[in-house]
Every structure is written in structure tokens, then in C-alpha cells.
1. For a protection proxy built on the mean count of beta-carbon atoms within 10 angstrom, sort 193-200, 265-272 highest first, please.
2. Report the full-extension gain for the segment residue 97 to residue 44: residue separation times 0.36 nm, less the Cα-Cα distance, to one decimal in nm.
3. Spin-label point model (7 Å from Cα, Cβ direction): what's the residue 76 to residue 259 distance in nm?
4. Can you tell me the order of 248-256, 70-78 when each peptide is scored by its average per-residue count of other Cβ atoms within 10 angstrom, highest first?
5. For the residue pair residue 214 and residue 234, what label-to-label distance in nm results when each label sits 7 Å from Cα along the Cα-to-beta-carbon direction?
6. Quote to one decimal, in nm, the extra length available between residue 15 and residue 275 on full extension: 0.36 nm per residue of separation minus the C-alpha distance between them.
7. Note down the relative contact order for the stretch 51-179 as a percent, whole number, built from C-alpha pairs under 8 angstrom at least six residues apart.
8. I'd like the distance separating the alpha-carbon centroids of the stretch 234-265 and the stretch 55-90, in whole Å.
């Protein structure tokens, strides 16, 4: 009787231990699946937000390409007046939309810099050798937007410019950095740092003095120091071999950003809580008054 009782206890404990083992394994699988679903969802959110930023820049480029002042001044090669027109448009955007990270560049039909809104340098610089987007727009005569590498890695939306005879006379480019992307993702509890692969600094010379992070360069001058420190102490987080990494209750993952000949040139490094955060991503509407017509925006007549 005593021996039977001991056997029963042993069998019971064995079954209980086996059940607990499989229950733990099941919970681990469920937790793993839950994390992978969260990472996939947030990667999709980040990708969609990047697409939204690109579409916004492309919309502006298309609108500006039809601006009669821009067309006229490009044809007449009035650089200074065209620069004033571009900055007037940027000021209008900034005033009514609070967007301050837009720059505009106009190119000639042979892919040379005609004028830039932010500087007077590099006029006449040949861009066809390293600006794939520009070459594509010239060849197809259709608009194009991408995370493109030039002197900087950023969003570049390019639209062809045609004169009244429908002849291709050049292109206009709306350039946007990742400031708006970072703000929008922050509303969803996602922190980010955009990185450029250091091997492309020979092209992206503007980033040469930026903060370094192992084999990468931080694209922004102002970045999340906490995320930077984590990446600095965990170089394996940047090796792209794992879909994500866990650290201190947070998830870190990489989203590709731009490519040259099939090779990724940069990444968005994103960090978000392991537990699903409370989302605050709602549009903010602010009434700023009526838009008063500006006489300076009438078609320019130069004799």
C-alpha cells in the first residue's frame, strides 16, 4: 500500500511537471508570436508613415511644377527671382501648415543645378552622375519620389517642368528630412534614429561631421540620446541579422531606407515598448485664419 502510494505521488508529480513544462513552452510561443506581431505591425506603421511623407513631398513637387512663375523664370534664366519665388512658397507653407523642413531645388533639362532655395552654391553642378531619381525623371518625363542619396540622405520628390509648348525644360525637386516622420512616430510611442551607411559618405558629404555609430552615421544633428547610447553599447543591434532585439522592456528593429543598385544605404532604427502603448496618433487641426491673396504671387512679368 505504501509503495503504491509513493508510485502514485511520483506519477502525479511527473505528469504535473510535464504539464507545466509544456504550458511554459506554450506561453513562450504565444509571447514570442505576440512580440513578432507587434514588431511587424510597427514596421508596417513606420513604412506607411514614410510613404505618407513621400506622397506629401511629391504632391508639392507636382503643384510647384505647374507654377507659372517658376516655369517663366526658369525659361528666362532669372535665378535670383526664382529663388525668391521658391522661398515665398516655403514661407507660405511654413505659415499655414507649420512645416519647416522643406527645401526646393530647380534643375535644368541637362540635370544641372539651376537654383536652390537654401543656398547660392553649386549653381551649374552636374547631378546626373549620382542622382538616379533625376535621371529617371528626365528619361520618363514622369514624377518620382524616393529616399534618395545625394549630398544628404532624405526624401526627394522630383517632377518634370514643361513649358507652354509642352517641351521638357527641367525639373523641380522638393526635399524633406525626417523631422516630421520622427514627430508623427513619437505620437505612437515609437522613437527613431535615421542612419546612413558610412561607406556612402563620399557622396553624402553633408553628413561627414555628424555623429558616428559604429559603421553608420547619424543623419540628423538632433537625435534621441537614449536610443543612441543603447545602440552604441550594443553594436549587434545594427547587424541586420535579427528581425528585432529586446532590451529593458523595449523592442529595437531596423527599417531599410533608400538603396543604390540594390544595396541599402541607410536605416530607420526604431524603438518602442514591448507592451502595446496607448496610441495618441490623432490629427491636430488649428484654425489660422483666412488665406489672404498675396499680390506677389501673381504671374511675374519681366520685360
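1. Working: 193-200: 20.6, 265-272: 23.1.
In decreasing order of mean packing, 193-200, 265-272 become 265-272, 193-200.
2. On the way: separation 53, 0.36 × 53 = 19.08 nm, distance 2.61 nm.
Using 0.36 nm per residue and subtracting the Cα-Cα distance, I get 16.5 nm.
3. Computed distance between label sites residue 76 and residue 259 equals 4.5 nm.
4. Working: 248-256: 16.1, 70-78: 18.0.
Most protected by this proxy first, the peptides run 70-78, 248-256.
5. In this crude label model, residue 214 to residue 234 measures out at 1.1 nm.
6. Numbers: separation 260, 0.36 × 260 = 93.60 nm, distance 3.31 nm.
Between residue 15 and residue 275, full extension yields an extra 90.3 nm.
7. Reported relative contact order: 30 percent.
8. Taking the Cα centre of each part, the stretch 234-265 and the stretch 55-90 sit 38 Å apart.
None of the figures in this text is laboratory data; all of them are computed from the coordinates on show. Computed from a predicted model, the values in this text were never measured in an experiment. FYI the Cβ positions are ideal-geometry reconstructions off the backbone, even for glycines, and counts take in every protein chain you see.
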